[in-house]
1. A 22 angstrom limit on the alpha carbon distance is what I want to check against. Which of K387/K500; K115/K500; K122/K468; K29/K506 exceed it?
2. Region 120-162: which trypsin sites (Lys or Arg not before Pro) are DSSP loop and have at most 16 other beta-carbon atoms within 10 angstrom?
3. Describe numerically, in nm with one decimal, the distance between label points set 7 Å from Cα along Cα→Cβ at K5 and at K507.
4. Give me the percent of DSSP beta bridges within the chain that run antiparallel, rounded to the nearest 5.
5. Given 10 °C and 1.306 mPa s, compute D for region 464-616 with the Stokes-Einstein relation, Rh being the Kirkwood radius over Cα pairs; round to the nearest whole µm²/s.
6. For the chain, which whole-number percentage of the solvent-accessible area (1.4 Å probe, protein heavy atoms only) is attributable to carbon and sulfur atoms?
7. Find how many whole Å separate the alpha carbon centroid of region 479-504 from the alpha carbon centroid of region 1-75.
8. Could you bin all the Cα-Cα distances of the chain into 20 Å bins starting at 0 and give me the percent of pairs in each, rounded to whole numbers?
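The values are calculated or read from the model by the stated rules, or taken from the named source; none is laboratory data. Keep in mind that what you see is a predicted model, and the values were worked out from it rather than measured. Glycine also receives a Cβ, built like all others from the backbone with ideal geometry; neighbour counts cover every protein chain displayed. For the accessible areas, the whole protein counts, side chains as well, though only heavy atoms, and no ligand, DNA or RNA atoms are used. Shrake-Rupley method; radii C 1.70, N 1.55, O 1.52, S 1.80 Å.
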Amino acid sequence: MNLLKRYNPQEAEKKWSEYWEKEKLFSFKPGSKMYTIDTPPPTISGTIHIGHAFSYTQTEFIARYKRMKGFSVFYPFGFDDNGLPTEKFVENKRKIKAKEIGREKFIKLCLEETKKAEEEYKKIWKSLGISCDWSLLYSTISEKARTMSQLSFIELYEKGREYRKQAPTIWCPECHTAISQVELEDKEFNSTFNDVLFETEDREKIVISTTRPELIPACVAIMVHPEDKKNKHLIGKKVKVPLMDYSVEVIADSRADPEKGSGIVMTCTFGDQADMEWWKAYNLDLRIIIDKEGKLNEKAGKFKGLSILEARKKILEELKEKNLLKEQRPIKHNVNVHERCGTPIEFLVTKQWFIKYLDLKEDFLKAGEELNWFPSFMKHRFDNWIKGLQWDWCISRQRFYGIPFPVWYCKKCGEIILAQKKDLPVDPLKDSPKKKCKCGSSDFVAEKDVLDTWATSSLTPLINANWKGSSNFDKKIFPMNLRPQAHDIITFWAFNTVVKSLLHTKKVPWKDIMISGWGLDSKGKKMSKSKGNIVTPQEIIEKYSADALRYWASSINLGNDAPFQEKDVQTGQRLITKLWNASKFSLMNLEGFDGKKPKELEVMDKWILHKFNEVTEKMNSHYDVYEYGKAKTALESFFWNDFTDNYLEAIKDRIYNEEKRGKNSKASAQYTLEKILLGTLKGFAPIMPFISEEIFQLYFTKKEKKKSIHISSFPEFDKKLVNKNSFDSGEKAVEIISKVRKFKAEKQLSMKAEIELTLEKETQQKIGKALDDLKAVCNAKITTGEFKIKTI
């Protein structure tokens, strides 16, 4: 037992990480008492930063705690390595465009890059001490995931929950693909409110205000409120569209707001959801003027070929030239953008695959009620998202790298042909249907689109439960105990997983859902490579330690965002140093101790055992509701204030002066010291696994007959350790010691300086047998009388 060396975290963390892997310490072994975690598979889309470490280590705290509570922990790890995020990652890294090099070559590059990235990601997670079972590793592009994703598609199609339709679609002009409502976010832009002059058939000039003059060539109607006194005379009239050679009708509709602008609304195909509702309600013409590349087409007339921004500029110039632009006002407004690239979205009419679920909104809300939300207020985001749903789930993407639809179309009759389940996974561009179409034709067209990545990621509980369709899954695994995830993907991952689980199994996918916040930069901004504000876990681990980084992650209340402050990591590193030094003192003074409990424990020993018992109860209750931060805070406070500041000082005289204080007195201190140190290490183990393991292996592994602290038992509350009298005596002794320390500090005396301490008789009686420890700590001569401290 080498206690003279200084603790080297980099050396120790590497050693124990390798040891855990070699011993297969975290391998899942099914048992009667199981705890299953639906680990979020990180997206292969760039650099892992401190924010990822923040979220994933918080899950880790729970996994280690549950393992120490005797659960067989199913803790798999996966990589979400298909779809648009990975495509963008590969395009940026290789400085290419998928469409320029072709499908086959691009898919090959994606597979190469994701494999390299996954190895790098694994190294980082292992260095952080993530205690998952790496033999359960999966990826969302693997054969198993492709099979299940395609099986999900076929099963939902057979249930009548999927359809293909030419319809208005949310479209990203930058990514050249349809996207779903969940992939939208609001972004504030500086813009201009333009008052444009239109002219009625009887030459009356009317003003229509718009932020999107480039959509004027897409105008198909004008709306006014039927009770708008100043404008209702326009209803039924024809209005000429500026700069274009056609007219549209003015229609009465109560959804037009008389108080907004002039109260007259230009309806285009399509600028927003209201345009779509009006288009459907009045069976209006369809004038789609923007193509899939984000450029204006032939229906825009002379503006054909211009980008959206170029067309906006050109149309405004012409409106000014023709005196049709009455006024312009600068504004700031929120615009729907694609969350992946930040590009404002458009609405195009395209043929896409959808999952029909708007009729199930009440079922989804009920499912949310079945889940236990931690923290509880996060459920509001889930509920609000469901209540605001306006679109069925668009699951087709016009990209290359993803899971193919298991679909062909008969060239002769247009019939949809599904792959046979036993043949999955299939690639319709390479494979062919095994049977002729019912019309007798063998000529088929393959579906080229791929599935939305969330259509596969939403199956992670079923992937882990080896789902084979319907109710065929491992019932010990599914439903799972816990879904841990960040708050920003409640509408993505949490909601879509609930959808898929209900549609396939009629069950919610988990019992509990634990929502973490974001790890932000020091100014509270989201980290991104483009902003240059990324801090990587490797930087912090090399400078301090993985344990110190984990300490920072544990210091934030569940669900809260946290700016990264290096001083918080430094606080964690100081705790590690103190834990090492306190353990060195303890273990040196436990040499030769036989571990036997003496006949009678001293008062201060009973006091500290009572205090730790209280902390144990708090830690368990906090961890059981995923409040790891509160559990750590309770133990940390005990460690600094009670154990190291007071108890270790109180027992030194008993340990060093056995002849004077007696053999039983020393044995009592050693017995208690061993118990408290072991309990403290176990309490810190889920948060700081490396330093806890290092100290445990120096002394406790043989005594506990466990090859790791992480498979030993977590401290439990013990009624036998509740001792009110000893607790009160110890608290009073500590109160007096604190006053003496303050007196010596104010007098600039050494803490070893001898003093005369006058205590009332009642106080001495309350302190009782702890008085000898108090005298030794304070180096005090005790007299009886009114409380007073004086130098000798």
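1. Details: K387/K500 18 Å; K115/K500 28 Å; K122/K468 28 Å; K29/K506 28 Å.
The answer is K115/K500; K122/K468; K29/K506.
2. On the way: sites: K122, K123, K126, K144, R146, K159, R161; in loops: K159, R161.
Here the trypsin sites (Lys or Arg not before Pro) that fit, given the DSSP loop and packing criteria, are K159.
3. Output for this residue pair reads 4.8 nm.
4. Values: 58 of 84 bridges.
Here the share of antiparallel DSSP bridges comes out near 70 percent.
5. Values: Rh = 20.4 Å.
Once the numbers are plugged in, D ends up at 78 µm²/s.
6. On the way: 16900 of 35440 Å².
The computed percentage sits at 48.
7. If we compute the Cα centre of each part, the gap is 23 Å.
8. All Cα pairs considered, the percentages come to 14, 36, 28, 15, 7, 0.
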